[in-house]
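Student: Provided herewith is a single structure, encoded as structure tokens, for subsequent inquiry.
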Amino acid sequence: MRTLLFFLLACTGTGTDSTKDSLESIPGWEAIGTGLPSALMCINGTSSSDVWAVGADLGNGPAILHYDGTAWEQLSGASSGDLWWVAPIGSGVYMVGEGGRVIRYDPATKTLEEAVTDPALTLFGIWGASETEILTVGANLSDDSAGAALYAWEGRGWTSLPIPTANPARALYKVWGSAADDVWIVGSDGVILHKDAAGLTELPAPLERNLFTVHGAEGVAYAVGGFSTATIARFDGTTWVDDTPMMAPQFNGVFVRSATEATAVGNQGAIWNRDASGWTEDTRHETVFSDFHSTWADETGALWAVGGHLSGDPLNDGILYYFGTHAPEAL
């Protein structure tokens, strides 16, 4: 039997008022998968019948899971190495991870195509306005002096871009945008970069602590991170400000569904929601000892979240949770 469990995932405001009412009546989160072989690093999709999750490689290839609204499928054929992020872009599904790899899955042919930016890199995030306007970010984890990495794809190949910051980050972790001329990039030591029509610039950050994920909606954006305890920065349309709640654990993922509503997830099963009055902990759960790493919401307003054992090798004991009216098949 599926177990109701703790977790919240930042969600998107695509649901109707009736959908919101139905979600409010749900007593808690449901465990779709626990104790999975690989920790899951990211969940994303285009709809409730096109859901993707990727994660660690424990020797048999990286975890690549797809849910088509009926059943889960594990995709094989990718080269070895952990995958850290997945994003549907255009007609393809893009995944990035160790070895500087960018993997594109073609739903039409059901094939995986791989490219390598720099084999020394680990790529942590990818986002694109289209399949000719893609950015991916990461770092060389074996060489602190190498600094962060930023690559762009414009339809012809991956090109390394200079990073405009007075204090070069050791790593860039995530990239997200509302359009090709409105893109946010976050990284270690509180680095926040913005790309607009004029190019890429650094913005003043309210906190000098690691920022792991950035997401936004309706003119606002949130970046979350921390070390043991939480860090949250909020862009109000003009500047980034400290929006960290008291007594919150480290956050790893965030999803924004409107100008006033967001959800952050993180260590030790942490789920926090934000509304117009601020952040509050979501307590609709049983105890979760694993860490959440990524959150996403589908078009129905249902919430999804993934994670696992993330504090050291091996990256295992994966978890996947769901909050909605049509729970998927259990993993």
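No value in this document is a laboratory result; all are computed from the given coordinates. None of these values were measured; they are calculated from a predicted model. All Cβ positions, glycine included, derive from the backbone under ideal geometry; neighbour counts span all protein chains shown.
Student: Place a +1 charge on the Cβ of each Lys and Arg in the chain and a -1 charge on the Cβ of each Asp and Glu, then give the dipole magnitude about the Cα centre in debye, rounded to the nearest 20.
Tutor: Roughly 180 debye for the chain.
Student: Quick one: if you stick a label point 7 Å off each Cα along the C-beta vector at E329 and F289, how many nm between them?
Tutor: 3.1 nm
Student: Scan region 248-311 for chymotrypsin sites (Phe, Trp or Tyr not before Pro) in coil per DSSP, keeping those whose Cβ has at most 16 other Cβ atoms within 10 Å, and list them by number.
Tutor: Of the chymotrypsin sites (Phe, Trp or Tyr not before Pro), the ones in loops of region 248-311 whose Cβ has at most 16 other Cβ atoms within 10 Å are F289.
Student: Still on this structure: At most 16 other Cβ atoms within 10 Å and a DSSP loop assignment: could you name the GluC sites (Glu not before Pro) in region 195-243 that fit?
Tutor: E208, E218
Student: In whole angstrom, how far apart do the alpha carbon centroids of region 242-319 and region 67-109 sit?
Tutor: Here the two parts' Cα centres lie 23 Å apart.
Student: A further question follows. Can you tell me the relative contact order of the chain? Whole percent, Cα pairs under 8 Å, sequence separation 6 or more.
Tutor: 23 percent
Student: Around N210, which amide H atoms from residues at least 5 apart in sequence, or from another chain, sit under 5 Å from its own amide H, with H modelled in the peptide plane?
Tutor: Under 5 Å from the amide H of N210 lie the amide H atoms of D189, G190, G226, each far enough along the sequence or on another chain.
Student: Quick one: grab the alpha carbon gyration tensor of region 273-331, order the square roots of its eigenvalues as a ≥ b ≥ c, and give me rounded if a/c is under 1.5, else prolate or oblate depending on whether a/b is larger than b/c.
Tutor: oblate
Student: Something else now. Pull out the extension gain between R156 and D181, defined as 0.36 nm times the separation in residues minus the alpha carbon to alpha carbon distance; nm, one decimal.
Tutor: That works out to 7.0 nm of additional length.
Student: Can you pull a Stokes-Einstein diffusion coefficient for region 36-192 at 25 °C (0.890 mPa s), Rh from Kirkwood over Cα pairs, as a whole number of µm²/s?
Tutor: Answer, rounded: 155 µm²/s.
Student: While we're looking at this one, here's another question. Starting from the Kirkwood radius over alpha-carbon pairs of region 215-308, derive D by Stokes-Einstein at 10 °C in a medium of 1.306 mPa s and give it in µm² s⁻¹.
Tutor: Estimated via Stokes-Einstein, D reaches 120 µm²/s.
Student: Go through region 286-302 residue by residue and turn each phi into a ³J(HN,Hα) via Karplus (6.51, -1.76, 1.60, θ = phi - 60°); whole Hz please, and just put x for glycine and proline.
Tutor: Values per residue, Gly and Pro as x: 8, 5, 10, 8, 6, 9, 8, 10, 8, 9, 7, 10, 8, 5, 7, x, 5 Hz.
Student: Could you pull out every residue, at least 5 positions away or on a different chain, whose amide H is within less than 5 Å of the one on A230? Hs are placed 1.01 Å off N in the peptide plane, and Pro or chain starts have none.
Tutor: A248, Q250
Student: From the phi of every residue in region 104-109, what ³J(HN,Hα) in whole Hz does the Karplus formula 6.51 cos²θ - 1.76 cosθ + 1.60 yield, where θ is phi - 60° and glycine or proline is x?
Tutor: 10, 9, 9, x, 5, 9
Student: Enumerate the calculated ³J(HN,Hα) couplings along region 252-263 in order (Karplus 6.51 cos²θ - 1.76 cosθ + 1.60, θ = phi - 60°), each rounded to whole Hz, writing x wherever the residue is Gly or Pro.
Tutor: With coefficients 6.51, -1.76 and 1.60, one gets 10, x, 8, 9, 10, 10, 6, 4, 10, 10, 8, 9 Hz.
Student: Moving to a separate point now. Beyond 28 Å, what share of the Cα-Cα pairs of the chain remains, rounded to the nearest whole percent?
Tutor: Summing the P(r) of the chain above 28 Å gives 34 percent of all pairs.
Student: Return the calculated 222 nm mean residue ellipticity for the chain, to the nearest 500 deg cm²/dmol, obtained by summing -39500 (n - 2.57) across DSSP H runs with n ≥ 4 and dividing by the residue count.
Tutor: Helices in the chain give a 222 nm mean residue ellipticity of -500 deg cm²/dmol.
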